[in-house]
Amino acid sequence: MKEFTMNANAYLPLRDVVFNTLRDAILRGDLEPGERLMEIALANRLGVSRTPIREAIRKLELEGLVVMIPRRGAQVASITQKDLQDVLEVRTSLEDLAVRLACERIRPEQVDQMKEALKNFEAALKGTDVTVIARADVDFHDVIFSSTGNARLVQILNNLREQMYRYRLEYLKDFSSHERLLQEHKELLAAIEGHDQENAARIIRTHIYNQEISVIRHIRQNQEEHPEDGANRI
């Protein structure tokens, strides 16, 4: 277990602070795939009782970040190729719909927001902090989602984004992909600004497919380097 500390927030209940702390630790890799989550050890580490730890683990299990193993208890879920493909199948269909609606409904001020988000994303790519890059990437896509004007679609996409975050980080760790990623964002902006539904849909599908290929490559590389950890996981 790597070092991590409580994400203190005076405005949140303790159970939510503990949940956010453990969730961030998993997403950053401080708690690694396959690592056991021992309630007593975590409670001592964070200076809390076992109750909020137990509640947080239950919520993390619902998000798919934690799995319960018979006779072993809770452990951080591995990222498998099948999990990735399942999530991306759903994401592809939903984002195809989102960009088509955005082409129909986006307002001029939202186009400006996309352009600003693109500038921020390009600036983030000049650094090496993948969490900062991921946040800028999310912000860009959030403008697209918002421009659909469909609150239910936005809600579903936001829920799916939580499951996508680990995969997004793995993709962004491949710094050789950043130039292509930026170009895809530029092309997507141009297509949506031009209200070109078919082109926007093609770009978003390619965008997601490239992410899938990159992460699968990482999974397979890890499998070759650590065959004892099991097939198709990171």
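The values are calculated or read from the model by the stated rules, or taken from the named source; none is laboratory data. These figures come from a predicted structure and were not determined experimentally. Please note: Cβ atoms are built from the backbone with ideal geometry, for glycine as well, and neighbour counts cover all protein chains shown. These accessible areas exclude ligands, DNA and RNA; they are computed on the full protein's heavy atoms, side chains included. Shrake-Rupley method; radii C 1.70, N 1.55, O 1.52, S 1.80 Å.
Out of the residues in the range 195-222 that are open to solvent by 50 Å² or more (accessible area, probe 1.4 Å) and among the charged types (D, E, K, R), which is nearest to K173 (Cα to Cα)?
By that ranking, first place goes to R217.
Could you check the range 110-124 and list, in sequence order, the residues that are among the hydrophobic types (A, V, I, L, M, F, W, C) and surrounded by 18 or more Cβ atoms within 10 Å (Cβ to Cβ)? Spell out the reasoning first.
Of the range 110-124, the ones among the hydrophobic types (A, V, I, L, M, F, W, C) are 111, 114, 117-118, 121, 123-124.
Within the range 110-124, M114, A117, L118, F121, A124 qualify.
Residues in the range 202-219: is at least one modelled with pLDDT of 95 or more and in contact with a Phe, Trp or Tyr (Cβ under 7 Å, 6 or more places away or on another chain)?
Within the range 202-219 (the criterion being modelled with pLDDT of 95 or more and in contact with a Phe, Trp or Tyr (Cβ under 7 Å, 6 or more places away or on another chain)), the answer is no, since none of the residues qualifies.
Out of R107, R71, R91, R58, which single residue is touching a residue at least 12 places away in the same chain (Cβ under 8 Å) and open to solvent by 70 Å² or more (accessible area, probe 1.4 Å)?
Values: R71 fails: touching a residue at least 12 places away in the same chain (Cβ under 8 Å); R91 fails: open to solvent by 70 Å² or more (accessible area, probe 1.4 Å); R58 fails: touching a residue at least 12 places away in the same chain (Cβ under 8 Å).
None of the others qualify; the one that does is R107.
Being of a type in the set (D, E, K, R) and at pLDDT below 90 is true for just one of D112, D83. Which residue is that?
Numbers: D112 fails: at pLDDT below 90.
Among D112, D83, only D83 is of a type in the set (D, E, K, R) and at pLDDT below 90.
Of all the helices (runs of 4 or more DSSP H) wholly in the range 12-63, which have at least 1 residues that are closer than 17 Å to R166 by Cα and of a type in the set (F, W, Y)? Break it down stepwise before answering.
Details: elements: 14-28, 39-46, 50-62.
Result: 14-28.
State whether the residues of the range 129-146 include one that is in contact with a helix residue (DSSP H, G or I) (Cβ under 7 Å, 6 or more places away or on another chain) and of a type in the set (D, E).
Yes, because at least one residue in the range 129-146 is in contact with a helix residue (DSSP H, G or I) (Cβ under 7 Å, 6 or more places away or on another chain) and of a type in the set (D, E).
Just for the range 136-174: of the residues that are exposed (fewer than 15 other Cβ atoms within 10 Å of the Cβ) and free of Cβ contacts under 8 Å to residues at least 24 places away in the same chain, which one is farthest from P33 (Cα to Cα)?
In this case the residue turns out to be A151.
Suppose we filter the range 74-86 for residues that are open to solvent by 30 Å² or more (accessible area, probe 1.4 Å) and in contact (Cβ under 8 Å) with a residue 12 or more places away in the chain; how many remain? Full working, then the answer.
If we filter the range 74-86 for residues that are open to solvent by 30 Å² or more (accessible area, probe 1.4 Å), which is where we start, we get 80, 82-83, 85-86.
Cutting the leftovers down to in contact (Cβ under 8 Å) with a residue 12 or more places away in the chain gives us 80, 82-83, 85.
Residues flagged as open to solvent by 30 Å² or more (accessible area, probe 1.4 Å) and in contact (Cβ under 8 Å) with a residue 12 or more places away in the chain within the range 74-86 amount to 4.
Does R71 satisfy the condition of being of a type in the set (K, R) and on the phi > 0 side of the Ramachandran plot?
Numbers: of a type in the set (K, R): yes; on the phi > 0 side of the Ramachandran plot: yes.
Here the answer is yes, as R71 does meet what is asked.
Considering only residues of the range 17-53 that are acidic (D, E) and out of contact with any Lys or Arg (no Cβ under 9 Å at 6 or more places or on another chain), which is nearest to Q75 (Cα to Cα)?
The selected residue is E35.
Count, please, the residues in the range 125-135 that happen to be in contact (Cβ under 8 Å) with a residue 40 or more places away in the chain and within 17 Å of A25 (Cα to Cα).
Residues meeting the conditions: 2.
Given the options M38, M1, M6, name the one that is of a type in the set (A, V, I, L, M, F, W, C) and at pLDDT 90 or above. Walk me through it before giving the result.
On the way: M1 fails: at pLDDT 90 or above; M6 fails: at pLDDT 90 or above.
Of M38, M1, M6, the one residue that is of a type in the set (A, V, I, L, M, F, W, C) and at pLDDT 90 or above is M38.
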